[in-house]
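What follows is one structure encoded as C-alpha coordinates, with my remarks underneath.
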Amino acid sequence: MIDFKLEPQTAERARLYHAVAEQMMRPISREYDEREHEKPWDFLKAVWAATHQTEPRVGAGAERSGPKLRNLYTIITAEELCWGDAGLFIAIPTAGLGGAAIMAAGTAEQKRRFLKPFDGGEPKWGAMAITEPGCGSDSAAIATTAVRDGDNWVLNGTKIFCTSGQMALECSEGFVVVWATVDKSAGRAGIKPFVVPRNTPGVTVSRLEKKLGIRVSDTAQIVLDNCRVPLDHILGSPEVEVEHGFKDVMATFDATRPIVAAMAIGVGRAALDFVRDFFKEQNIPIRYGTSPRRLTAIERDFMEMETQLQAARLLAWRAAWMLDMGQRNSLEASMAKAKAGLAVTQISQKAVELLGPLGYSRKLLLEKWMRDAKINDIFEGTQQINLLIVARRILGYSSRELN
Ligand SMILES: Cc1cc2nc3c(=O)[nH]c(=O)nc-3n(C[C@H](O)[C@H](O)[C@H](O)COP(=O)(O)OP(=O)(O)OC[C@H]3O[C@@H](n4cnc5c(N)ncnc54)[C@H](O)[C@@H]3O)c2cc1C
(Lines give C-alpha, C1' and ligand atoms only; values in the text may rest on other atoms or scores of the structure.)
Protein backbone atom coordinates (compact mmCIF):
# COMPACT_ATOMS: atom_id res chain seq x y z
CA MET A 1 0.00 0.00 0.00
CA ILE A 2 1.49 3.36 -1.00
CA ASP A 3 0.87 6.28 1.35
CA PHE A 4 1.26 9.78 -0.15
CA LYS A 5 0.21 11.59 3.03
CA LEU A 6 2.82 13.80 4.68
CA GLU A 7 3.65 13.06 8.31
CA PRO A 8 1.75 15.58 10.55
CA GLN A 9 5.04 17.19 11.63
CA THR A 10 6.16 17.68 8.00
CA ALA A 11 2.76 19.04 6.96
CA GLU A 12 2.91 21.50 9.87
CA ARG A 13 6.37 22.71 8.80
CA ALA A 14 5.18 23.08 5.20
CA ARG A 15 2.41 25.36 6.50
CA LEU A 16 4.98 27.37 8.46
CA TYR A 17 7.23 27.84 5.40
CA HIS A 18 4.20 28.71 3.30
CA ALA A 19 3.46 31.52 5.74
CA VAL A 20 7.07 32.74 5.39
CA ALA A 21 6.68 32.66 1.61
CA GLU A 22 3.40 34.56 1.70
CA GLN A 23 4.20 37.13 4.36
CA MET A 24 7.94 37.73 3.95
CA MET A 25 8.85 36.83 0.36
CA ARG A 26 5.91 37.87 -1.82
CA PRO A 27 5.84 41.47 -0.50
CA ILE A 28 9.49 42.10 -1.57
CA SER A 29 9.48 39.88 -4.65
CA ARG A 30 9.04 42.58 -7.31
CA GLU A 31 11.32 45.10 -5.62
CA TYR A 32 14.37 42.81 -5.50
CA ASP A 33 13.74 41.52 -9.01
CA GLU A 34 14.09 45.10 -10.21
CA ARG A 35 17.07 45.94 -7.98
CA GLU A 36 19.10 43.04 -9.45
CA HIS A 37 21.96 41.75 -7.21
CA GLU A 38 20.95 43.90 -4.23
CA LYS A 39 20.41 41.87 -1.09
CA PRO A 40 17.27 42.04 1.08
CA TRP A 41 19.30 41.96 4.27
CA ASP A 42 16.36 42.13 6.70
CA PHE A 43 14.81 39.06 5.10
CA LEU A 44 18.10 37.14 4.84
CA LYS A 45 19.05 37.81 8.46
CA ALA A 46 15.55 36.93 9.70
CA VAL A 47 15.58 33.60 7.83
CA TRP A 48 19.10 32.80 9.05
CA ALA A 49 18.12 33.52 12.64
CA ALA A 50 14.89 31.51 12.39
CA THR A 51 16.40 28.48 10.67
CA HIS A 52 19.23 28.25 13.16
CA GLN A 53 16.73 27.60 15.91
CA THR A 54 14.99 24.81 13.96
CA GLU A 55 16.25 21.75 12.11
CA PRO A 56 16.92 20.97 9.32
CA ARG A 57 18.24 24.20 7.78
CA VAL A 58 16.43 25.64 4.79
CA GLY A 59 17.94 24.65 1.47
CA ALA A 60 21.10 23.39 3.13
CA GLY A 61 21.31 20.73 0.46
CA ALA A 62 19.99 17.20 0.51
CA GLU A 63 21.92 14.74 2.59
CA ARG A 64 22.49 11.01 2.63
CA SER A 65 22.14 10.68 6.39
CA GLY A 66 20.45 12.37 9.35
CA PRO A 67 16.83 12.34 10.47
CA LYS A 68 14.40 10.07 8.68
CA LEU A 69 13.01 11.66 5.46
CA ARG A 70 15.30 14.68 5.74
CA ASN A 71 15.65 15.01 1.97
CA LEU A 72 11.91 14.74 1.45
CA TYR A 73 11.50 17.44 4.06
CA THR A 74 14.05 19.67 2.27
CA ILE A 75 12.25 19.50 -1.06
CA ILE A 76 8.86 20.19 0.51
CA THR A 77 10.39 23.28 2.10
CA ALA A 78 11.95 24.30 -1.24
CA GLU A 79 8.57 24.05 -2.98
CA GLU A 80 6.87 26.24 -0.36
CA LEU A 81 9.58 28.93 -0.38
CA CYS A 82 9.83 29.00 -4.19
CA TRP A 83 6.07 29.49 -4.28
CA GLY A 84 7.02 32.71 -2.48
CA ASP A 85 10.00 33.67 -4.67
CA ALA A 86 12.59 31.41 -6.32
CA GLY A 87 15.31 34.08 -6.51
CA LEU A 88 14.98 34.92 -2.82
CA PHE A 89 15.04 31.22 -1.98
CA ILE A 90 18.32 30.76 -3.85
CA ALA A 91 19.76 33.84 -2.14
CA ILE A 92 19.02 32.52 1.39
CA PRO A 93 22.28 32.00 3.31
CA THR A 94 23.20 28.30 3.34
CA ALA A 95 26.14 26.10 2.43
CA GLY A 96 24.18 25.61 -0.82
CA LEU A 97 25.57 23.52 -3.64
CA GLY A 98 29.02 23.72 -2.05
CA GLY A 99 27.55 22.09 1.05
CA ALA A 100 25.94 19.38 -1.06
CA ALA A 101 29.34 18.67 -2.68
CA ILE A 102 30.99 18.41 0.74
CA MET A 103 28.24 16.06 1.93
CA ALA A 104 28.62 13.92 -1.20
CA ALA A 105 32.41 13.83 -1.53
CA GLY A 106 33.94 14.86 1.81
CA THR A 107 35.18 12.68 4.66
CA ALA A 108 33.38 12.81 8.02
CA GLU A 109 36.12 15.09 9.34
CA GLN A 110 35.84 17.46 6.35
CA LYS A 111 32.05 17.65 6.74
CA ARG A 112 32.51 18.71 10.37
CA ARG A 113 35.33 21.15 9.62
CA PHE A 114 33.83 22.95 6.64
CA LEU A 115 30.14 22.86 7.60
CA LYS A 116 30.40 23.53 11.36
CA PRO A 117 30.60 27.33 10.88
CA PHE A 118 27.17 27.14 9.19
CA ASP A 119 25.62 26.14 12.52
CA GLY A 120 25.46 29.72 13.79
CA GLY A 121 26.95 33.20 13.96
CA GLU A 122 26.47 35.61 11.06
CA PRO A 123 24.69 34.58 7.80
CA LYS A 124 27.00 32.52 5.58
CA TRP A 125 26.99 31.19 2.02
CA GLY A 126 28.66 28.30 0.27
CA ALA A 127 28.84 27.89 -3.52
CA MET A 128 29.99 25.37 -6.12
CA ALA A 129 31.94 26.13 -9.30
CA ILE A 130 32.04 23.54 -12.09
CA THR A 131 31.05 25.52 -15.19
CA GLU A 132 33.75 27.24 -17.28
CA PRO A 133 33.76 29.24 -20.51
CA GLY A 134 34.56 26.01 -22.40
CA CYS A 135 32.70 23.52 -20.23
CA GLY A 136 29.08 23.23 -19.09
CA SER A 137 27.07 20.15 -19.95
CA ASP A 138 30.26 18.28 -20.71
CA SER A 139 31.79 18.59 -17.25
CA ALA A 140 34.61 16.26 -18.28
CA ALA A 141 36.04 19.15 -20.31
CA ILE A 142 37.02 21.05 -17.13
CA ALA A 143 40.22 22.98 -17.85
CA THR A 144 40.86 24.45 -14.38
CA THR A 145 43.93 22.73 -13.00
CA ALA A 146 45.03 21.73 -9.50
CA VAL A 147 48.74 21.07 -9.15
CA ARG A 148 50.33 19.81 -5.96
CA ASP A 149 53.12 22.03 -4.69
CA GLY A 150 54.53 21.06 -1.28
CA ASP A 151 51.80 21.44 1.32
CA ASN A 152 49.39 23.11 -1.10
CA TRP A 153 47.21 22.57 -4.12
CA VAL A 154 47.62 25.42 -6.61
CA LEU A 155 44.45 26.18 -8.60
CA ASN A 156 44.35 28.04 -11.92
CA GLY A 157 41.37 28.70 -14.17
CA THR A 158 38.14 30.63 -14.68
CA LYS A 159 34.71 29.57 -13.44
CA ILE A 160 31.47 31.13 -14.67
CA PHE A 161 27.83 31.18 -13.56
CA CYS A 162 28.59 30.37 -9.94
CA THR A 163 25.42 30.79 -7.86
CA SER A 164 26.05 32.86 -4.70
CA GLY A 165 29.74 33.01 -5.64
CA GLN A 166 30.00 36.62 -4.56
CA MET A 167 28.26 36.10 -1.22
CA ALA A 168 30.35 32.97 -0.53
CA LEU A 169 33.58 34.88 -1.07
CA GLU A 170 32.48 37.97 0.88
CA CYS A 171 30.76 36.62 3.99
CA SER A 172 32.67 35.47 7.05
CA GLU A 173 33.69 31.78 6.77
CA GLY A 174 32.11 31.34 3.31
CA PHE A 175 33.64 29.05 0.70
CA VAL A 176 33.41 27.88 -2.90
CA VAL A 177 33.88 24.23 -3.87
CA VAL A 178 35.92 24.39 -7.09
CA TRP A 179 36.10 21.38 -9.41
CA ALA A 180 39.50 21.08 -11.10
CA THR A 181 41.55 18.42 -12.84
CA VAL A 182 44.58 16.94 -11.10
CA ASP A 183 45.43 14.85 -14.17
CA LYS A 184 44.07 15.89 -17.57
CA SER A 185 45.14 12.57 -19.14
CA ALA A 186 42.82 10.68 -16.73
CA GLY A 187 39.72 12.43 -18.17
CA ARG A 188 36.71 12.50 -15.83
CA ALA A 189 38.49 10.48 -13.14
CA GLY A 190 41.05 13.26 -12.73
CA ILE A 191 38.42 15.85 -11.75
CA LYS A 192 38.31 16.59 -8.02
CA PRO A 193 36.53 19.07 -5.72
CA PHE A 194 38.53 21.59 -3.64
CA VAL A 195 37.25 23.82 -0.86
CA VAL A 196 38.42 27.40 -1.45
CA PRO A 197 37.61 29.56 1.59
CA ARG A 198 37.00 33.28 1.31
CA ASN A 199 40.11 35.41 1.66
CA THR A 200 42.27 32.76 0.00
CA PRO A 201 44.90 34.71 -1.97
CA GLY A 202 44.39 34.26 -5.73
CA VAL A 203 40.58 33.88 -5.80
CA THR A 204 38.50 36.84 -7.01
CA VAL A 205 35.02 37.58 -8.32
CA SER A 206 35.58 39.22 -11.71
CA ARG A 207 31.96 39.73 -12.85
CA LEU A 208 28.29 39.37 -11.87
CA GLU A 209 25.87 38.18 -14.54
CA LYS A 210 22.75 40.18 -15.40
CA LYS A 211 19.98 37.67 -15.88
CA LEU A 212 16.49 36.97 -17.21
CA GLY A 213 15.15 35.64 -13.90
CA ILE A 214 16.12 34.87 -10.28
CA ARG A 215 17.76 38.29 -10.43
CA VAL A 216 18.21 38.75 -6.68
CA SER A 217 20.56 35.73 -6.65
CA ASP A 218 24.16 36.58 -7.53
CA THR A 219 25.73 34.58 -10.34
CA ALA A 220 29.48 35.17 -10.36
CA GLN A 221 32.46 34.68 -12.59
CA ILE A 222 35.40 33.57 -10.45
CA VAL A 223 39.06 33.71 -11.39
CA LEU A 224 41.62 31.42 -9.75
CA ASP A 225 45.10 32.77 -10.27
CA ASN A 226 47.73 30.64 -8.49
CA CYS A 227 45.18 30.16 -5.74
CA ARG A 228 46.73 28.04 -2.97
CA VAL A 229 44.73 25.85 -0.61
CA PRO A 230 46.10 23.35 1.96
CA LEU A 231 46.40 19.71 0.88
CA ASP A 232 43.48 18.61 3.06
CA HIS A 233 41.09 20.90 1.16
CA ILE A 234 40.66 18.32 -1.59
CA LEU A 235 37.39 16.55 -0.81
CA GLY A 236 37.71 12.80 -0.39
CA SER A 237 40.67 10.94 -1.80
CA PRO A 238 43.33 12.61 -3.97
CA GLU A 239 43.88 9.27 -5.75
CA VAL A 240 42.78 9.13 -9.39
CA GLU A 241 40.50 6.09 -9.48
CA VAL A 242 39.64 5.47 -13.12
CA GLU A 243 36.89 2.96 -12.34
CA HIS A 244 35.04 5.46 -10.13
CA GLY A 245 35.21 8.19 -12.75
CA PHE A 246 32.84 11.01 -12.04
CA LYS A 247 31.13 9.54 -9.03
CA ASP A 248 31.51 12.57 -6.74
CA VAL A 249 29.96 14.97 -9.26
CA MET A 250 27.13 12.54 -9.90
CA ALA A 251 26.55 11.98 -6.17
CA THR A 252 26.29 15.75 -5.71
CA PHE A 253 23.70 16.00 -8.50
CA ASP A 254 21.74 13.02 -7.16
CA ALA A 255 21.19 15.08 -4.02
CA THR A 256 20.57 18.49 -5.61
CA ARG A 257 18.45 17.65 -8.68
CA PRO A 258 15.37 16.72 -6.60
CA ILE A 259 15.71 20.11 -4.86
CA VAL A 260 15.81 21.95 -8.21
CA ALA A 261 12.76 19.94 -9.29
CA ALA A 262 10.97 21.09 -6.14
CA MET A 263 11.99 24.69 -6.80
CA ALA A 264 10.43 24.43 -10.25
CA ILE A 265 7.27 22.95 -8.76
CA GLY A 266 7.03 25.86 -6.32
CA VAL A 267 7.14 28.42 -9.15
CA GLY A 268 4.66 26.39 -11.23
CA ARG A 269 2.29 26.14 -8.28
CA ALA A 270 2.49 29.91 -7.74
CA ALA A 271 1.33 30.45 -11.34
CA LEU A 272 -1.35 27.78 -11.14
CA ASP A 273 -2.76 29.09 -7.84
CA PHE A 274 -2.90 32.59 -9.26
CA VAL A 275 -4.80 31.47 -12.35
CA ARG A 276 -7.20 29.37 -10.26
CA ASP A 277 -8.03 32.37 -8.03
CA PHE A 278 -8.39 34.62 -11.06
CA PHE A 279 -10.84 32.21 -12.70
CA LYS A 280 -12.84 32.03 -9.47
CA GLU A 281 -13.06 35.83 -9.30
CA GLN A 282 -14.16 35.97 -12.94
CA ASN A 283 -16.69 33.15 -12.46
CA ILE A 284 -14.89 30.99 -15.02
CA PRO A 285 -15.69 27.40 -13.98
CA ILE A 286 -13.30 24.44 -14.05
CA ARG A 287 -15.66 21.47 -14.30
CA TYR A 288 -13.77 18.46 -12.97
CA GLY A 289 -15.30 15.13 -13.91
CA THR A 290 -16.91 16.48 -17.07
CA SER A 291 -16.41 14.44 -20.23
CA PRO A 292 -13.29 15.70 -22.10
CA ARG A 293 -15.51 16.28 -25.18
CA ARG A 294 -17.52 18.89 -23.27
CA LEU A 295 -14.64 20.79 -21.66
CA THR A 296 -13.71 24.28 -22.82
CA ALA A 297 -10.17 24.93 -24.09
CA ILE A 298 -9.47 26.85 -20.88
CA GLU A 299 -10.61 23.95 -18.71
CA ARG A 300 -8.45 21.52 -20.67
CA ASP A 301 -5.43 23.80 -20.41
CA PHE A 302 -5.89 24.27 -16.69
CA MET A 303 -6.35 20.56 -15.96
CA GLU A 304 -3.29 19.76 -18.09
CA MET A 305 -1.23 22.27 -16.06
CA GLU A 306 -2.39 20.67 -12.81
CA THR A 307 -1.61 17.18 -14.10
CA GLN A 308 1.90 18.12 -15.21
CA LEU A 309 2.64 19.75 -11.87
CA GLN A 310 1.40 16.78 -9.87
CA ALA A 311 3.38 14.31 -12.03
CA ALA A 312 6.54 16.37 -11.51
CA ARG A 313 5.93 16.55 -7.75
CA LEU A 314 5.51 12.79 -7.40
CA LEU A 315 8.76 12.18 -9.30
CA ALA A 316 10.61 14.69 -7.09
CA TRP A 317 9.23 13.15 -3.90
CA ARG A 318 10.27 9.69 -5.05
CA ALA A 319 13.82 10.82 -5.89
CA ALA A 320 14.23 12.50 -2.47
CA TRP A 321 12.62 9.59 -0.61
CA MET A 322 15.05 7.15 -2.26
CA LEU A 323 17.96 9.26 -1.03
CA ASP A 324 16.48 9.15 2.47
CA MET A 325 16.28 5.36 2.19
CA GLY A 326 19.96 5.24 1.18
CA GLN A 327 19.02 4.01 -2.31
CA ARG A 328 20.80 5.00 -5.53
CA ASN A 329 18.55 7.58 -7.21
CA SER A 330 20.49 8.94 -10.24
CA LEU A 331 17.77 7.85 -12.69
CA GLU A 332 14.93 9.19 -10.56
CA ALA A 333 16.74 12.47 -9.76
CA SER A 334 17.28 13.15 -13.47
CA MET A 335 13.70 12.13 -14.32
CA ALA A 336 12.33 14.53 -11.71
CA LYS A 337 14.58 17.39 -12.78
CA ALA A 338 13.83 16.97 -16.51
CA LYS A 339 10.09 16.68 -15.94
CA ALA A 340 9.81 19.57 -13.48
CA GLY A 341 11.97 21.92 -15.59
CA LEU A 342 9.79 21.33 -18.64
CA ALA A 343 6.52 21.41 -16.68
CA VAL A 344 7.26 24.75 -15.01
CA THR A 345 8.28 26.49 -18.25
CA GLN A 346 5.07 25.29 -19.91
CA ILE A 347 2.82 26.05 -16.93
CA SER A 348 4.19 29.55 -16.35
CA GLN A 349 3.96 30.43 -20.06
CA LYS A 350 0.43 29.10 -20.29
CA ALA A 351 -0.53 31.09 -17.19
CA VAL A 352 0.69 34.31 -18.86
CA GLU A 353 -1.18 33.33 -22.01
CA LEU A 354 -4.44 32.58 -20.20
CA LEU A 355 -4.49 36.03 -18.62
CA GLY A 356 -3.63 37.79 -21.87
CA PRO A 357 -2.09 41.29 -21.61
CA LEU A 358 -2.59 41.31 -17.84
CA GLY A 359 -0.38 38.23 -17.62
CA TYR A 360 2.32 40.02 -19.61
CA SER A 361 2.11 43.16 -17.49
CA ARG A 362 4.47 43.91 -14.61
CA LYS A 363 1.40 44.69 -12.50
CA LEU A 364 1.27 41.01 -11.69
CA LEU A 365 4.01 38.53 -10.79
CA LEU A 366 3.03 36.08 -13.56
CA GLU A 367 5.55 37.46 -16.06
CA LYS A 368 8.26 37.26 -13.36
CA TRP A 369 7.40 33.63 -12.59
CA MET A 370 7.70 32.89 -16.31
CA ARG A 371 11.21 34.42 -16.27
CA ASP A 372 12.15 32.69 -13.00
CA ALA A 373 10.89 29.33 -14.29
CA LYS A 374 13.37 28.81 -17.12
CA ILE A 375 16.49 28.46 -14.99
CA ASN A 376 15.15 25.17 -13.62
CA ASP A 377 15.48 23.80 -17.13
CA ILE A 378 19.13 24.90 -17.34
CA PHE A 379 21.19 24.61 -14.14
CA GLU A 380 22.05 21.31 -12.44
CA GLY A 381 22.08 19.77 -15.91
CA THR A 382 19.90 21.03 -18.72
CA GLN A 383 16.70 19.22 -19.64
CA GLN A 384 18.44 17.60 -22.63
CA ILE A 385 21.30 16.33 -20.48
CA ASN A 386 18.96 14.91 -17.86
CA LEU A 387 16.92 13.16 -20.55
CA LEU A 388 20.17 11.72 -21.90
CA ILE A 389 21.00 10.37 -18.43
CA VAL A 390 17.53 8.83 -18.16
CA ALA A 391 17.92 7.18 -21.57
CA ARG A 392 21.37 5.82 -20.69
CA ARG A 393 20.16 4.38 -17.39
CA ILE A 394 17.06 2.76 -18.88
CA LEU A 395 18.78 1.40 -21.99
CA GLY A 396 22.01 0.42 -20.22
CA TYR A 397 24.35 2.57 -22.32
CA SER A 398 27.50 4.25 -21.04
CA SER A 399 28.13 7.97 -21.56
CA ARG A 400 30.57 7.04 -24.31
CA GLU A 401 27.95 4.95 -26.13
CA LEU A 402 25.12 7.52 -25.91
CA ASN A 403 26.05 11.21 -25.93
C1 LIG B 1 21.60 31.40 -13.31
C2 LIG B 1 22.58 30.28 -13.45
C3 LIG B 1 23.17 29.75 -12.31
C4 LIG B 1 24.13 28.74 -12.42
N5 LIG B 1 24.74 28.27 -11.29
C6 LIG B 1 25.79 27.42 -11.40
C7 LIG B 1 26.57 27.05 -10.26
O8 LIG B 1 26.28 27.44 -9.13
N9 LIG B 1 27.67 26.28 -10.46
C10 LIG B 1 28.03 25.83 -11.70
O11 LIG B 1 29.04 25.15 -11.81
N12 LIG B 1 27.29 26.12 -12.81
C13 LIG B 1 26.19 26.91 -12.68
N14 LIG B 1 25.45 27.27 -13.79
C15 LIG B 1 25.84 26.74 -15.10
C16 LIG B 1 24.88 25.70 -15.62
O17 LIG B 1 24.94 24.54 -14.85
C18 LIG B 1 25.24 25.47 -17.11
O19 LIG B 1 24.85 26.65 -17.81
C20 LIG B 1 24.55 24.27 -17.69
O21 LIG B 1 25.10 23.10 -17.15
C22 LIG B 1 24.68 24.21 -19.21
O23 LIG B 1 25.99 24.30 -19.60
P24 LIG B 1 26.44 25.35 -20.74
O25 LIG B 1 25.93 26.68 -20.28
O26 LIG B 1 27.88 25.22 -21.00
O27 LIG B 1 25.61 24.93 -22.01
P28 LIG B 1 26.04 23.91 -23.16
O29 LIG B 1 26.56 22.66 -22.54
O30 LIG B 1 26.89 24.62 -24.13
O31 LIG B 1 24.62 23.60 -23.79
C32 LIG B 1 23.96 24.45 -24.71
C33 LIG B 1 22.72 23.71 -25.21
O34 LIG B 1 23.10 22.48 -25.85
C35 LIG B 1 22.45 21.38 -25.24
N36 LIG B 1 23.34 20.22 -25.22
C37 LIG B 1 24.62 20.17 -24.79
N38 LIG B 1 25.12 18.93 -24.90
C39 LIG B 1 24.12 18.16 -25.41
C40 LIG B 1 24.00 16.77 -25.75
N41 LIG B 1 25.00 15.92 -25.59
N42 LIG B 1 22.80 16.34 -26.24
C43 LIG B 1 21.76 17.18 -26.41
N44 LIG B 1 21.82 18.51 -26.12
C45 LIG B 1 22.97 18.99 -25.61
C46 LIG B 1 22.13 21.83 -23.81
O47 LIG B 1 21.06 21.11 -23.28
C48 LIG B 1 21.79 23.30 -24.06
O49 LIG B 1 20.46 23.40 -24.47
C50 LIG B 1 24.47 28.23 -13.70
C51 LIG B 1 23.85 28.74 -14.85
C52 LIG B 1 22.92 29.76 -14.75
C53 LIG B 1 22.29 30.30 -15.99
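The values are calculated or read from the model by the stated rules, or taken from the named source; none is laboratory data. For clarity, every value in this text was computed on a predicted model and none was experimentally measured. Note: ideal-geometry Cβ built from the backbone for every residue, glycine included; neighbour counts use all protein chains shown.
Laid out as a table, the results:
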quantity	calculated
Among (1) modelled with pLDDT of 95 or more; (2) crowded, with 24+ Cβ neighbours inside 10 Å; (3) more than 13 Å from the ligand (Cβ to nearest atom) - the single one residue 104 does not satisfy	(1)
Filter result (within 9 Å of the ligand (Cβ to nearest atom) and part of a helix (DSSP H, G or I)) within the range 375-385	375, 377, 383, 384, 385
Some residue of the range 340-355 being more than 15 Å from the ligand (Cβ to nearest atom), without any contact (Cβ under 8 Å) to a residue 24 or more places away in the chain, part of a helix (DSSP H, G or I) and among the acidic types (Asp, Glu)	yes
Single unsatisfied condition, residue 310 versus (1) crowded, with 17+ Cβ neighbours inside 10 Å; (2) more than 16 Å from the ligand (Cβ to nearest atom); (3) closer than 30 Å to residue 396 by Cα	(1)
Counted residues, the range 24-74 - those being buried (at least 18 other Cβ atoms within 10 Å of the Cβ), of a type in the set (Asp, Glu) and at pLDDT below 90	1
Test: residue in the range 116-125 that is surrounded by 24 or more Cβ atoms within 10 Å (Cβ to Cβ) and either closer than 15 Å to residue 204 by Cα or touching a strand residue (DSSP E or B) at 6+ places or on another chain (Cβ under 6 Å) (or both)	no
Where residue 140 falls short, out of the listed (1) farther than 30 Å from residue 4 by Cβ; (2) crowded, with 17+ Cβ neighbours inside 10 Å; (3) in contact with a helix residue (DSSP H, G or I) (Cβ under 7 Å, 6 or more places away or on another chain)	(2)
Some residue of the range 159-176 being outside the structural domain of residue 45 (by TED's automatic domain parsing) and over 21 Å from residue 102 (Cα atoms)	no
Residue match in the range 394-403 (condition: part of a helix (DSSP H, G or I) and surrounded by 14 or more Cβ atoms within 10 Å (Cβ to Cβ))	no
Residue identified as at pLDDT 95 or above, in a helix (DSSP H, G or I), more than 27 Å from residue 6 (Cβ to Cβ) and small (Gly, Ala, Ser) among 391, 312	391
Qualifying residue in the range 363-376 (condition: out of contact with any Gly (no Cβ under 9 Å at 6 or more places or on another chain) and within 21 Å of residue 97 (Cβ to Cβ))	no
Any hit, the range 300-317, residues being closer than 23 Å to residue 163 by Cα and in the same structural domain as residue 272 (by TED's automatic domain parsing)	yes
Qualifying residue in the range 198-215 (condition: crowded, with 24+ Cβ neighbours inside 10 Å, touching a Lys or Arg at 6+ places or on another chain (Cβ under 9 Å) and not assigned by TED's automatic domain parsing to the domain that holds residue 334)	yes
Single match in 156, 152, 226 (criterion: in contact with a strand residue (DSSP E or B) (Cβ under 7 Å, 6 or more places away or on another chain), at positive phi, surrounded by fewer than 17 Cβ atoms within 10 Å (Cβ to Cβ) and touching a residue at least 60 places away in the same chain (Cβ under 8 Å))	226
Checklist (1) crowded, with 24+ Cβ neighbours inside 10 Å; (2) within 13 Å of the ligand (Cβ to nearest atom); (3) closer than 23 Å to residue 303 by Cβ applied to residue 372, failing item	(3)
From 305, 250, 335, residue being under 24 Å from residue 131 (Cβ atoms), at pLDDT 95 or above and not charged (D, E, K, R)	335
Failed criterion for residue 292 (all others in (1) surrounded by fewer than 18 Cβ atoms within 10 Å (Cβ to Cβ); (2) at pLDDT 95 or above hold)	(2)
Residue in the range 1-15 that is nearest to residue 320 (Cα to Cα), counting only those that are within 21 Å of the chain's Cα centre (by Cα) and not small (Gly, Ala, Ser)	10
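Here's the yes/no breakdown for (1) in contact (Cβ under 8 Å) with a residue 24 or more places away in the chain; (2) assigned to a helix (DSSP H, G or I); (3) over 25 Å from residue 74 (Cβ atoms):
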residue	(1), (2), (3)
275	yes, yes, yes
278	yes, yes, yes
290	no, no, yes
293	no, yes, yes
299	no, yes, yes
319	yes, yes, no
